[in-house]
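Worksheet: one structure, shown below.
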Amino acid sequence: MIARIALFVTAAFAFAATSLAGHLGPVLGACLLVAAGIALALAASGTLTAVSAAGGAVGAFASGVLLPVSPVVAGAALVALGYAERSLRVRTTSARALHVALALGTGALAGMVAGHYAAADLSLRAVAVVISAVLVALPQLVEADDPLAYALDGLAEEVGEEPAKAMRAGAELRRTVDESMLDREATRHARATWQSLLRLSQARARLERVGVKRRVRRAAVVQRLDERLAEHVTALERMYLAADEASAAEASLNDRALRSVESSGATLETMADALVDEVEV
């Protein structure tokens with residue numbers, strides 16, 4: 001919910017900034033557009049990464065250049081480049097094409113609406129900005145891969161079979177877990193462990209790139225990293241399995257609704273029998 005609100009707010013800010021930038025001068029206006037574009041891209045991606053920030057900055061630059069020519073094209077560039085990092089995480093080609101098309105289409109519509117009412121009264125401009133912000137959220141309907149799972153899968157392509165197996169297992173686990181089953185403390189520990197797993201995977205991939213296996217003195221480091229990767233995934237699997245079992249056990253013990261409906265059913269049956277007996281008499 002917080003991520004959706006952030007996307008709505010940043011999208012509204014981005015399209016409001018396009019109409020305000022012209023009144024602030026070239027330097028302040030450009031800074032405002034870039035800040036709005038980066039904020040929109042980070043909210044659309046849901047991750048604080050250099051790729052998403054760069055996409056937002058490029059989108060803001062393209063939007064600023066194209067805005068005097070065509071607000072429609074400017075809006076399409078702003079939104080499509082803001083969603084660039086998320087588009088990379090869409091797993092199938094057809095879904096990725098749909099995601100890009102939605103980003104371009106909704107960006108163009110949002111730019112058209114915002115541009116059409118750019119010179120209108122403040123109330124109309126506010127309504128136009130809200131409509132544009134709602135349109136920008138539509139690409140979220142296309143499911144994208146979890147950022148951490150996507151990163152683990154990418155790193156698994158760079159390493160050998162044993163560490164790659166652990167990384168892919170971690171990625172699949174990440175896609176299927178439901179963190180809402182964990183309490184606050186367990187959630188905090190889980191997030192720290194996921195980040196540790198990502199750092200270990202990045203370190204293992206770096207060693208693979210430089211060919212550290214050829215250096216006998218550091219072979220123990222590679223072995224220790226491989227062991228730690230497997231241990232992290234095993235620990236996470238164990239914790240989420242325990243949470244699943246606890247949740248299922250709790251659900252099986254909570255029979256209040258069942259007892260209530262059984263009691264209501266028995267009462268209704270008694271009433272029905274009494275009414276039938278009265279009718280027969």
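Restricting the first residue to the stretch 176-199 and requiring it to be touching a residue at least 60 places away in the same chain (Cβ under 8 Å) and over 18 Å from residue 153 (Cα atoms), which pairs with a second residue that is polar (S, T, N, Q) and surrounded by fewer than 16 Cβ atoms within 10 Å (Cβ to Cβ) meet a Cβ separation below 8 Å and a spacing of at least six or different chains?
181/247
Do any helices (runs of 4 or more DSSP H) lying entirely in the stretch 42-90 carry at least 3 residues that are at pLDDT below 90, and which ones are they?
It comes to 50-66.
Please tell me if residue 241 is assigned by TED's automatic domain parsing to the domain that holds residue 190 and either in contact with a helix residue (DSSP H, G or I) (Cβ under 7 Å, 6 or more places away or on another chain) or surrounded by 10 or more Cβ atoms within 10 Å (Cβ to Cβ) (or both).
Taking the combined requirement at face value, the residue satisfies it.
Within the stretch 110-130, can you find the residues that are more than 19 Å from residue 77 (Cβ to Cβ) and part of a helix (DSSP H, G or I)?
122, 123, 124, 125, 126, 127, 130
Checking the condition surrounded by fewer than 21 Cβ atoms within 10 Å (Cβ to Cβ) and not basic (Lys, Arg), which residue from 65, 90, 79 passes?
65
Can residue 18 be described as part of a helix (DSSP H, G or I), assigned by TED's automatic domain parsing to the domain that holds residue 137, modelled with pLDDT of 85 or more and polar (S, T, N, Q)?
The answer is no for residue 18.
Taking the criterion of being within 27 Å of the chain's Cα centre (by Cα), assigned to a helix (DSSP H, G or I) and closer than 15 Å to residue 163 by Cβ, would at least one residue in the stretch 234-243 satisfy it?
Within the stretch 234-243, one or more residues are within 27 Å of the chain's Cα centre (by Cα), assigned to a helix (DSSP H, G or I) and closer than 15 Å to residue 163 by Cβ.
Could you figure out which of (1) at pLDDT 85 or above; (2) surrounded by 13 or more Cβ atoms within 10 Å (Cβ to Cβ) isn't true of residue 192?
Failed condition: (2).
Got a sec? Which of 85, 158 is among the charged types (D, E, K, R) and outside the structural domain of residue 59 (by TED's automatic domain parsing)?
158
For the stretch 38-57, give me the residue count where each residue is over 12 Å from the mean Cα position of the chain (by Cα) and without any contact (Cβ under 8 Å) to a residue 24 or more places away in the chain.
5
Please work out which one of (1) more than 15 Å from the chain's Cα centre (by Cα); (2) surrounded by fewer than 17 Cβ atoms within 10 Å (Cβ to Cβ); (3) closer than 30 Å to residue 173 by Cβ is the condition residue 141 fails and give its number.
(1) is the only condition that residue 141 fails.
What tally of residues in the stretch 244-259 results from selecting those that are surrounded by 10 or more Cβ atoms within 10 Å (Cβ to Cβ), among the hydroxyl-bearing types (Ser, Thr, Tyr) and more than 18 Å from residue 173 (Cβ to Cβ)?
0
Quick check on residue 172: is it in a helix (DSSP H, G or I) and crowded, with 20+ Cβ neighbours inside 10 Å?
In short, no.
Picking from 153, 145, which residue would you name as being of a type in the set (Asp, Glu), touching a Lys or Arg at 6+ places or on another chain (Cβ under 9 Å) and part of a helix (DSSP H, G or I)?
153
The values are calculated or read from the model by the stated rules, or taken from the named source; none is laboratory data. This structure is a prediction, so every number in the text was calculated from the model and none was measured. Every residue, glycine among them, receives a Cβ derived from its backbone with ideal geometry; neighbour counts consider all protein chains shown.
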